[in-house]
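Student: Structure in structure tokens, see below.
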Amino acid sequence: MTSQQIPQGGAIKPPHQKPPRKSGLAHLLAAATYSAAGFRRLLHESAFRQELTIGLIVLAGLALWGVGLAKLLGFAIFLLVLTAVEALNTALEVLVDHLSPDWSEFARDAKDLGSLAVGATLIATALYLVWVVLGQTGLI
């Protein structure tokens with residue numbers, strides 16, 4: 001049922017009331033709160049924790065190596081893009097798991113496509129890192 005939920009006891013319960021829209025500074029603060037909650041949720045994903053840890057270690061290593069600020073900023077942007085893609089992939093997986101608790105072809109395809117997006121972002125980040133390292137060593 002789309003407009004009503006039926007709990008285990010069988011009694012019909014009305015759907016939750018949509019909260020009123022916020023505007024101005026209240027909207028900005030609410031959006032920041034939602035983003036922080038999303039980041040906390042993303043930290044439950046082991047792949048993201050590994051990517052974040054390695055990314056921050058590499059960023060610190062590049063800074064200690066004397067890589068220029070523009071290239072450090074570029075790497076930080078790649079890490080932020082990776083975070084965004086991981087968040088979207090996780091959201092997709094949560095929705096797919098809810099819609100299709102059993103195996104289904106659409107669920108497999110959706111998850112494979114999300115994984116491709118993460119993989120492509122990781123490759124782009126790695127290629128940027130190779131370019132930075134080669135530039136730092138004078139090989140290019």
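Student: Residues in region 36-71 near a label at His16, defined as backbone nitrogen under 19 Å from the 7 Å Cα→Cβ point?
Tutor: 36-42
Student: Note down the nm distance, to one decimal, between modelled labels 7 Å out along Cα→Cβ at Leu113 and at Leu25.
Tutor: 4.2
Student: Please report Rg (one decimal) and Dmax (integer) in Å for the Cα set of the chain.
Tutor: 20.8, 72
Student: What are the DSSP H helices in the chain that stretch 30 Å or more along their long axis, judged by alpha-carbon atoms, and whose average Kyte-Doolittle hydropathy comes to at least -0.5?
Tutor: Helix filter hits for the chain: 69-99, 105-137.
Student: On the accessible surface of region 5-140, probed at 1.4 Å, how many percent belong to carbon and sulfur atoms?
Tutor: For region 5-140, the apolar C and S fraction of the accessible surface comes to 70 percent.
Student: On to the next question. For Leu127 and Phe39 in the same chain, what is the full-extension length gain: residue separation times 0.36 nm, less their Cα-Cα distance, in nm?
Tutor: Stretched out fully, the Leu127 to Phe39 stretch lengthens by 29.1 nm.
Student: Skip the ligands, DNA and RNA, and give the accessible area per residue of the chain with a 1.4 Å probe, whole Å².
Tutor: Normalised by residue count, the accessible surface of the chain is 73 Å².
Student: How big is Rg to Rh over region 59-140, alpha-carbon atoms, Rh as the Kirkwood inverse-mean-distance radius?
Tutor: My calculation puts Rg/Rh at 1.18.
The values are calculated or read from the model by the stated rules, or taken from the named source; none is laboratory data. Because the structure is predicted, anything quoted here is derived from the model rather than measured. Every residue, glycine among them, receives a Cβ derived from its backbone with ideal geometry; neighbour counts consider all protein chains shown. Heads up: the accessible areas ignore ligands, DNA and RNA and are worked out on the full protein's heavy atoms, side chains in. Shrake-Rupley method; radii C 1.70, N 1.55, O 1.52, S 1.80 Å.
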